[in-house]
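Here the structure comes first, spelled out in structure tokens, and everything after it is commentary.
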Amino acid sequence: MSKEEQSEAGPRGGRCAIVGRPNVGKSTLLNAILGQKLAIATAKPGTTRSNVLGVAHRDDPPTQVAFVDTPGMGKAKTALHRVLGDTARAGLLDADVILMMTDKVEDWNAKRHPGDQTVLEACRMIGVPIIVVINKVDQVTPRERLLPILEKWLGEEGVVAVVPTSATRGTNLAELFTEIREHLPEGLLYEDGETLTDRPMRFFAAELIREAVMNHTRAEVPYGAAVQLDEYSDEPKITRIRATVIVEKDSHKGIVIGKKGALLKTIATEAREQIESFIQRKVFLEVWVKVVPGWTNDPRRVRELVSEDDT
């Protein structure tokens, strides 16, 4: 679609689900398209645990895309993994178009990652156009190595386009947005043109605390950590937040707290700074740590701690 055709086109808007294996860059892509940090993102797989709505607005031509960032679809080893898989599939249901994300592979002669096929089959069940996004292509040299991969994806049933990108560098994001627009219904979703998300600020506060935990812990600890908000109150000059980091083992609690509380202080400071940047207010943050043994394998606990409702 040429720039002239785009400028003459009428308004379009719709929902676009972003799905894929864990750690392929879904949240990073959402943030890059929005031009700001909305979804938390770390180098560790399984960071996203909820469907996060982020609305992108463009004026020329008038376009609104309600992106839904979803948890990575992977093997269901625990109750937590099963809930995350169900959450991701629920994020597909109302989509007008789907971005199925994968990433570059080390061996171009190898078979496709088996997880990609599982995700593709879930996407096909929805019956809407699928755009395959191959992320991290900045790591591929020479670029000609991508051609056979692009051709293979284009030959898949339901796939209408394949867009190579680097979410961290912003490669081909404009082209991707144009392709998404082609498959959206006519008309806009929101009258105000400013809606960004449907999540409350307390949800993002909890997410940013969990992101800080994931950034500063290793091995099992980040995957067995959750955050509960005990208080979130906006006062005239400050927002007060009290939160509890939930871990599975006493040893994990000791790791999160650190020697003489040093690591917990680092986590709380990083989280507070991120929350202040996000809500544009001064924040007073208290963080505690509590052990809930084996919560990731307890379906009831998982749904309490990883909920689609407001935190």
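The values are calculated or read from the model by the stated rules, or taken from the named source; none is laboratory data. The model shown is predicted, which means the values in this text are computed figures rather than measured ones. With ideal geometry, Cβ positions are generated from the backbone for all residues, glycine too; neighbour counts draw on all protein chains shown.
Quick notes on this one:
- Residue pairs whose Cβ atoms lie under 6 Å apart, separated by 6 or more positions or on different chains, with the first residue in the range 225-247 and surrounded by 12 or more Cβ atoms within 10 Å (Cβ to Cβ) and part of a strand (DSSP E or B) and the second modelled with pLDDT of 95 or more and of a type in the set (S, T, Y), are Q228/T244; R240/S233; I241/Y232.
- Qualifying residue in the range 69-85 (condition: within 22 Å of I131 (Cβ to Cβ) and touching a strand residue (DSSP E or B) at 6+ places or on another chain (Cβ under 6 Å)): yes
- From V137, V163, residue being at pLDDT below 95, surrounded by 20 or more Cβ atoms within 10 Å (Cβ to Cβ) and closer than 28 Å to R58 by Cβ: V137
- Within the range 250-275, residues that are touching a residue at least 60 places away in the same chain (Cβ under 8 Å) sit with their Cβ atoms under 6 Å from residues that are buried (at least 17 other Cβ atoms within 10 Å of the Cβ) and not in a helix (DSSP H, G or I), at 6+ positions apart or across chains, in these pairs: I275/V283.
- Residues of the range 155-214 that are of a type in the set (A, V, I, L, M), in a helix (DSSP H, G or I) and either without any contact (Cβ under 8 Å) to a residue 24 or more places away in the chain or out of contact with any Phe, Trp or Tyr (no Cβ under 7 Å at 6 or more places or on another chain) (or both): L173, A174, L176, I180, M201, A206, I209, A212, V213, M214.
- Count of residues meeting criterion [outside any loop (DSSP other than H, G, I, E, B) and under 29 Å from the mean Cα position of the chain (by Cα)] in the range 255-264: 5
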